[in-house]
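To keep things clear, I will list the structure first and then write my remarks on it.
The values are calculated or read from the model by the stated rules, or taken from the named source; none is laboratory data. Just so we're clear, the structure is a prediction, and the values are computed from it rather than from any experiment. Cβ sites come from the backbone with ideal geometry, for glycine too, and all protein chains shown count toward neighbours. Keep in mind that these areas ignore ligands, DNA and RNA; they rest on the heavy atoms of the full protein, side chains included. Shrake-Rupley method; radii C 1.70, N 1.55, O 1.52, S 1.80 Å.
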Amino acid sequence: MDVLKLFCTAVGSFAVLFVLMRLNGKRQISQLSAFDYINGITIGSIAAEMATEPESPMRPLTGMVVYGLLAWGVALWTNKSLAARRAFTGKPLILYDGGTLYREHLKRAKLDLSEFLTLCRAGGWFDLSQLETVVFEHNGNLSFLPREAYRAAQPTDLSLSPKQSVLMTPVIMDGEVLPENLRSVGKDEVWLTRKLREQGYSAFREVFLALCDGSGEAPQLYPIETKKTPRKDGK
């Protein structure tokens, strides 16, 4: 009986945690503010307490719901109020601009020079003289504005007008057709079957992944490999 209670409370805490996380939106860890990060840890801790306390699950459940609703309320508030957004998430700091490093801004960002240079190298910049501006974002990432002489060349620099790329949509995954995706690119299974046969495939199950851009061209096909295994050396 105790095991059954523990199982039920664990499932309940998981369900409530899932609902609260969906309520508060989807963001990667690197996109979380300090407030979001701390709030997430707190809710997770309460969920763990609820899962292991089958005798009195309502107390941690109430705490989870309260924290989740507070986080949701703060998210709505920060979306509507610039002052609240700055208070909860902070604002960007210019750490480097026009050849000048701002020591006070580095202190406010809690970065020393070694950490700053490490983040620059991680961003692909090994020479500060190639940069015009470096901004410390509220999520802890650095944004880089290179000098014009060192930025990547654009087609307009070469007077080129390349064709606009379009989104590649998966129409087969794990050997199964995705009807809704197929319709979204204006194709049907008859067309897909014909294109597969042109490339030597007799059934959908032979294809691990198929990507289509909606044009009349053949989709990109990745077959299900049944004979070969990846080499351990990666070659």
Q.
Just to verify a number: FRET efficiency for Lys91 and Ala15, C-beta to C-beta distance, R0 = 25 Å, to 0.05?
A. 0.10
(Q) With θ taken as phi - 60° and the coefficients 6.51, -1.76 and 1.60, list the Karplus ³J(HN,Hα) couplings across segment 178-193 in order, rounded to whole Hz; mark glycine and proline as x. (A) 9, x, 5, 5, 5, 5, 5, 9, x, 10, 10, 5, 5, 4, 5, 4
Q) If you average the sequence gap of Cα pairs under 8 Å that are 6 or more apart and divide by the length of segment 91-235, what percent do you get for the contact order? A) 16
Q. Which whole-number value in Å² is the accessible area per residue of segment 95-235, probe 1.4 Å?
A. 72
Q. Given H placed 1.01 Å from N in the peptide plane, which residues other than close sequence neighbours of Arg151 have an amide H under 5 Å from its amide H?
A. none
Q: Go through segment 120-130 residue by residue and turn each phi into a ³J(HN,Hα) via Karplus (6.51, -1.76, 1.60, θ = phi - 60°); whole Hz please, and just put x for glycine and proline.
A: 5, 5, 4, x, x, 10, 9, 10, 4, 5, 7
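If the chain between Val177 and Phe126 were fully stretched, how many nm would it gain, using 0.36 nm times the residue separation less the Cα-Cα distance? Can you show the working numbers first?
Working: separation 51, 0.36 × 51 = 18.36 nm, distance 4.62 nm.
Working it through step by step, the gained length comes to 13.7 nm.
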Q: Return the carbon/sulfur percentage of the accessible area of segment 153-206, one whole number, probe 1.4 Å, all protein chains in place.
A: 51
(Q) With just the Cα atoms defining each centre, how far is segment 182-197 from segment 73-101? Give it in Å. (A) 47
Q: Quick one: what are the phi-derived ³J(HN,Hα) couplings along segment 139-146, Karplus 6.51/-1.76/1.60 with θ = phi - 60°, whole Hz, x for glycine and proline?
A: 8, x, 8, 9, 10, 10, 10, x
